[in-house]
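The values are calculated or read from the model by the stated rules, or taken from the named source; none is laboratory data. Treat the numbers as computed from the prediction; the structure is a model and nothing was measured. Quick reminder, even Gly has a Cβ in these numbers, built from the backbone with ideal geometry, and neighbours come from all protein chains shown. Note: accessible area is taken over every heavy atom of the protein model, side chains too, but ligands, DNA and RNA are not part of it. Shrake-Rupley method; radii C 1.70, N 1.55, O 1.52, S 1.80 Å.
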Amino acid sequence: MTDITDITDTDTATRTSATGTADLVASLRAVFRSGRTRPIDWRRSQLTALRALFTENRDAIADALYADLRKPRFEAYAAEVDLPVREIDHTLAHLEEWLAPEPLAAESLAGLPDGTTAGTHYEPLGTVLVVAPWNYPVQLSLVPVAGALAAGNTVILKPSELAPATSELLARLVPRYLDPEAVAVFEGGVPETTELLAQRFDHIFYTGNGTVGRIVMRAAAEHLTPVTLELGGKSPVFVDRDTDLSVVATRLAEAKFRNAGQTCVAPDYVLTDPATARGLEVALAEAVHGMFGDDPQTSDAYGRIVNRRHFDRIAALLDSGTLVFGGRTDRDDVYIAPTVLTGVRADDAVMREEIFGPVLPIVEVDGLDEAIAFINDRDKPLALYGFTENETTRGRLAAETSSGGLGFGLPMAHLRVPDLPFGGVGESGLGSYHGPHSIAAFSHRRARLDVPLS
Ligand code: NAD
């Protein structure tokens, strides 16, 4: 599958850091080696400070997100302040428990001298690099940073240059709240990231598209550095016949059209039978009207496309299938109306790449077997959603397909449950994080065996 792009916006200036990258990495590594970041008290103090960064700067964060994405304030608070704060609170509440060494049961020590004990414990990796995207530029920068700090590492954060107001805000706030010798924000675009990637890190955590994911993994291979790749893809939604279509449409529209569809786990397309498709088209029109009124362009609740390059890319996908509603575009305002297309075929442009915008195609299938085959003919998606009350159908979707996450009934909600691992599989990513899974991502699980001398 084509990747959504390695587009960089020519409208957006990149900034170069004055600090030499090699010196920066060396200084963070020296702090790690001094042992400062290992004690749980230090980790707790950083997480508490990070929490304060969010709660004391809610409005500045929402302002930056408005400047970068016209992100509606309630969306900014919910996704980029409240969700990370919940993640931090959950981590603070469980940190000792998650870090506790795990002893092995005695029976696995058979044949070793009496008194032998064994188990595993987490140790921090060292100095980690977090490379973040522009679509949730606060959450997707600072939730990984929280995980890296909870695991006892030093961190360099490279925010996305395509969200410049947010990048600048993070560069200003992070050193004011977090230990400036252990956490650095390094701003810039491709040249700066390339320079960073040439350094040796102990882990690289990348969120973005698969093209750059491959660049990151190649650079990491030079140093045998482990990576987490949080990528994207086309996340399908199966809508069964005989479901309550007004509930389905409301939940589908919420997940698809918030942030103008620029969400990695947004439903990408719908698979359903022709009769259900007809009902869903009507219900979606009502749901979208309920969210944004007669003219979404004038609604405070509707965002914009991040830049003109992405606008052009998405606008070129509108010429697929039959328009149900939407389709209006305004390039000067980087506005694309919430749009539903129906009768879309597998080879239409809108089905050939991740949409990452406010366009929802409906592809007709004659039932579950064809839907499963359609999903399995494509790359493994980041998420797969189902609307069905039928247990057998749920079971078959779970057993006969693969995806990073699987959600029935409420698309995107799985990412709000911190104890669920969040990540992709195959083309949609490698590794996972959130809650205890962030500790695992940013740690080495060390084996320990203690044999008595007498
Ligand atoms: P982006 O363009 O902001 O790129 C992400 C990061 O990669 C940025 O920090 C950027 O500076 C860096 N980068 C870009 N080109 C580079 C290069 N040639 N070499 C080195 N670094 C480079 O964001 P994007 O990729 O447009 O984001 C959208 C994609 O990310 C979609 O595919 C989406 O599904 C995916 N995504 C995934 C998740 C997830 O959690 N799995 C979350 C958000 C977005």
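Points to keep in mind about this one:
- Rg to Rh quotient for the range 146-202, alpha carbon positions, Kirkwood Rh: 0.97
- Residues within the reach of a label modelled at residue 93 (point 7 angstrom out along Cα to beta-carbon, backbone nitrogen below 18 Å), restricted to the range 403-421, are 414-421.
- Taken about its Cα centre, the range 236-416 carries a charge dipole of about 580 debye when Lys and Arg each add +1 at the Cβ and Asp and Glu each add -1 at the Cβ.
- Peptide ranges 96-106, 173-183 listed from the most packed, as the mean C-beta count within 10 angstrom indicates: 173-183, 96-106
- Charge dipole (debye, nearest 20) of the chain; +1 at Cβ of Lys and Arg, -1 at Cβ of Asp and Glu: 1180 debye
- Computed from the alpha carbon positions, the gyration tensor of the chain leads to an equivalent ellipsoid with semi-axes of 39, 28, 19 Å, biggest first.
- For residue 300, solvent-accessible area (1.4 Å; no DNA, RNA or ligand), Å²: 140 Å²
- Percent of C-alpha pairs per 5 Å bin in the range 236-416, short distances first: 1, 9, 19, 23, 22, 15, 8, 3, 1, 0.
- Each residue of the range 85-162 gets 120 Å³ once the volume of the Cα convex hull is shared out per residue.
- Simple label model, 7 Å out from Cα along Cβ direction - residue 221 to residue 63, nm: 4.6 nm
- Helix 245-257 vs. the chain, principal-axis angle (Cα, 0 to 90°, nearest 10): 60 degrees
- Selection from 409, 293, 357, by position along the positive dipole direction of the range 236-416 (Cβ): 357
- Between the range 195-262 and the range 296-368, the Cα center-to-center distance that results, in Å: 19 Å
- Farthest toward positive dipole pole in the range 236-416 [+1 Lys/Arg, -1 Asp/Glu at C-beta], among 238, 327, 372: 327
- In the range 272-336, one over the average inverse separation of all distinct C-alpha pairs is 13.3 Å, which is the Kirkwood hydrodynamic radius.
- Think of a 1.4 Å ball rolled over the protein heavy atoms: the chain then has 40 Å² of accessible area per residue.
- Sites matching GluC sites (Glu not before Pro) across the range 337-435 that sit in DSSP coil, with at most 12 neighbouring C-beta atoms within 10 Å: 389
- Restricting attention to the chain, the count of lysine pairs at 8 or more positions apart or across chains with alpha carbons under 25 Å apart stands at 6.
- Span from the the range 400-454 Cα centroid across to the the range 61-117 one, whole angstrom: 10 Å
- Here, the range 313-454 is characterised by an Rg to Rh ratio of 1.13, where Rg is the alpha-carbon radius of gyration and Rh the Kirkwood radius.
- Helix-only CD estimate at 222 nm, as mean residue ellipticity for the chain, using -39500 (n - 2.57) per DSSP H run (n ≥ 4): -12000 deg cm²/dmol
- Accessible surface of the range 74-204 [probe 1.4 Å, protein heavy atoms]: carbon and sulfur percent: 58 percent
- Protection proxy ranking of 266-274, 29-37 - average other beta-carbon atoms within 10 Å, highest first: 266-274, 29-37
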